[in-house]
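Encoded as structure tokens, the structure appears first; notes follow it.
The values are calculated or read from the model by the stated rules, or taken from the named source; none is laboratory data. Everything numeric in this text was worked out from a predicted model, so none of it was measured. Every residue, glycine as well, gets a Cβ built from its backbone with ideal geometry; the counts of neighbours run over all protein chains shown. Surface areas here come from the heavy atoms of the whole protein model, side chains and all, with no ligands, DNA or RNA. Shrake-Rupley method; radii C 1.70, N 1.55, O 1.52, S 1.80 Å.
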Amino acid sequence: MAATGMPRNSTMICAQLVSQSVEHMVTDMYEAKAQGADLVEIRLDCLKDFRPRQHLQILLDSKPLPVAAVYRPKGEGCQNEVDQNMQLDALCLAKELGADFVELELKVASDLIEEHKQNQHRRSKIIVSYYLDDMTPSEEDLSQLVSRMQSTGADIVKIVLNSSSIAEISRIFHLLSHCQIPLIAYSKGDRGLISQILGPKFGSFLVYGSIEGNPVPGLPTLGSLRYTYGVQYINQETLVFGLISKPVSHSKGPLLHNPTFRHVGYNGIYVPMLIDDLKEFFNVYSSPHFAGFSVGFPYKEAVIQFCDEVHPLAQSIGAVNTIIRRHTDGKLVGYNSDCEASITAIEDALKVWGSTNGEALIPSPLTGKQFVLVGAGGAGRALAFGAKCRGARVVIFDIDFDRAKSLAMVVSGEVQPFDALERFRPEKDAILANATPLGMHPNTDRIPVAKATLGDYKLVFDAVYTPIKTTLLIEAETAGAIIVSGVEMFLRQAVGQFNLFTGGKAPEDFMRSTILEKF
């Protein structure tokens, strides 16, 4: 079943608008509608030289979508001085002039809502909000806070946190699942992104996004909410998959996995998960709703201890890049799809080169070749094992010499000190594989080897895929080497992950075309 055949949920997508002029705010309202917003939140506190009656009349007369009027104090999202009496007068005026929603903070809500209820012709719904910038309260304290807010007579309750870890986000999901009144709850920042994306699964009244070209810090764009994550299709039964990594913002996984889920009609969502503490994460996110994970830097080795079972290949490599929560017993099973993904990408490139140059191809074009590996972490271990299995002679460099030495012993390879890499001269037609973050966005100008040696390599592979063509690959291609981007490895390992996630067969042609379009 294609995405268009999936039923929509009731959660609305709200564009938060922070323009500094009324003219731009009006323009942004129409842009938000064009980008798929269901309503807009107009931040009156961001308007310069705000004249309440004049400007509100223009904004509300021009609205193409339902409007929520918000007026925050200085230091809480805006730079303008805000007098509290002016703030309250402006919100009352917004209600009078026909705003669909008016947000009042808890400390001033009770009296104003009582006055609001005495108005028999009221049209606006009142959102009572509470913003907390320090530690995230416990589940019990959050429930008590909601009760206090509900007692004001609010139509909708809104709580905004600034969680310090992804584990604290689970308290938001618990609150959303058990609240008896329409609730908006999320956390700001990179760690809070999943609270926005997964809000519809747990019953959030709305989720926030920003319009393209006018971003709001900490909020996903409307386009990513609708088209990358498809939040309008998420429901209680949606299974959650995610990337466990740090950092995580570079990941292209959501751009590939989510459209593919929708393409085959699978009720799943793939989200980035910025993890600080693996033990805490797995203790908190232990429900069947969280059905599987990709594992990225720097956790591919460390995560093994949290798996109940590990596939023999992953056990031999000593690194896991995919975890499935087995639905029959809830146990976590670890796999490695990096090994075959990276090695077959290199082999296929060599085979294409060999077939056009009249070389006789032995079972693997890697057999007998020197395989120079930079990086002995999770991705490096997968490459080393794959190269050894193909009969290559592995030479390993890593900033942690003991780690490189340990890996070299396992694959019967050679280890060299990392600081010798600049002076190292490979054999003619050797293979170079970079399995470190060197060259990853935003530090894209770095390469792990001496530029002068690149011409000695027959092929250069870079596991980094942001950017698609790294500086290392650009320089290697200029020097005459065959180059293989990390995107090819990414695609192949993602196909393996998709098969494990869904229990079905990945649509490889669709996934490849998605990468070509999105990356």
Run the accessible area of segment 395-499 with a 1.4 Å probe and give the carbon-and-sulfur part as a rounded percent. 52 percent
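Work out the P(r) tail for segment 1-57: percent of alpha carbon pairs separated by more than 16 Å, whole number. Don't skip to the answer; put the middle values down first.
Values: 820 of 1596 pairs.
Across segment 1-57, Cα pairs with separations above 16 Å total 51 percent.
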Of the DSSP H helices in the chain, the ones reaching 20 Å or more along their long axis in Cα terms and averaging at least -0.5 in Kyte-Doolittle hydropathy are 338-355, 486-502
Could you work out how much longer the chain between ILE474 and HIS263 gets when fully extended? Use 0.36 nm per residue separation minus the Cα distance between them, nm to one decimal. 72.6 nm
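Determine the per residue accessible area of the chain with all protein chains present and a 1.4 angstrom probe, expressed in square angstrom. Walk me through the intermediate numbers first.
Numbers: 22100 Å² over 519 residues.
Per-residue value: 43 Å².
For segment 198-349, give the percent of accessible area contributed by carbon and sulfur heavy atoms, probe 1.4 Å, rounded to a whole number.
Values: 2870 of 5400 Å².
About 53 percent, which is the carbon plus sulfur part of the accessible surface.
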Computed over the Cα atoms of the chain, the Rg and Dmax in Å are 26.7, 89
Over segment 205-278, what lengths in whole Å, largest first, do the semi-axes of the equivalent ellipsoid take, defined as the square roots of 5 times the eigenvalues of the alpha-carbon gyration tensor? 19, 18, 12
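Is the C-alpha gyration tensor of segment 320-434 telling us rounded, prolate or oblate? Criteria: a/c under 1.5 is rounded; beyond that, a/b larger than b/c is prolate, otherwise oblate.
Working: a/c = 2.68, a/b = 1.27, b/c = 2.12.
Because a/c hits 1.5 or more and a/b fails to exceed b/c, segment 320-434 counts as oblate.
Work out the P(r) tail for segment 366-484: percent of alpha carbon pairs separated by more than 24 Å, whole number.
Details: 1154 of 7021 pairs.
When every Cα pair of segment 366-484 is considered, 16 percent fall beyond 24 Å.
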Taking the mean number of other Cβ atoms within 10 Å as a proxy for protection, how do you rank 233-239, 296-302 from highest to lowest? 296-302, 233-239
So what does log10 I(q)/I(0) come out to for segment 437-512 at q = 0.15, 0.16 Å⁻¹, using the Debye formula with one equal point on every Cα and no solvent? -0.58, -0.63
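What is the mean projected area of the alpha carbon convex hull for segment 249-342, to one decimal in square nanometres?
On the way: hull surface 26.6 nm².
Over all viewing directions, segment 249-342 projects a mean Cα-hull area of 6.7 nm².
Of the heavy-atom accessible surface of segment 13-66 (probe 1.4 angstrom), what whole percent is carbon and sulfur? Write out the running numbers ahead of the final one.
Details: 1100 of 2250 Å².
Looking at segment 13-66 in its full context, I get 49 percent from C and S.
Going by average Cβ neighbours within 10 Å, how do the peptides 216-222, 410-416 rank, with the highest at the top?
Details: 216-222: 19.1, 410-416: 17.0.
Sorting 216-222, 410-416 by mean packing, highest first, produces 216-222, 410-416.
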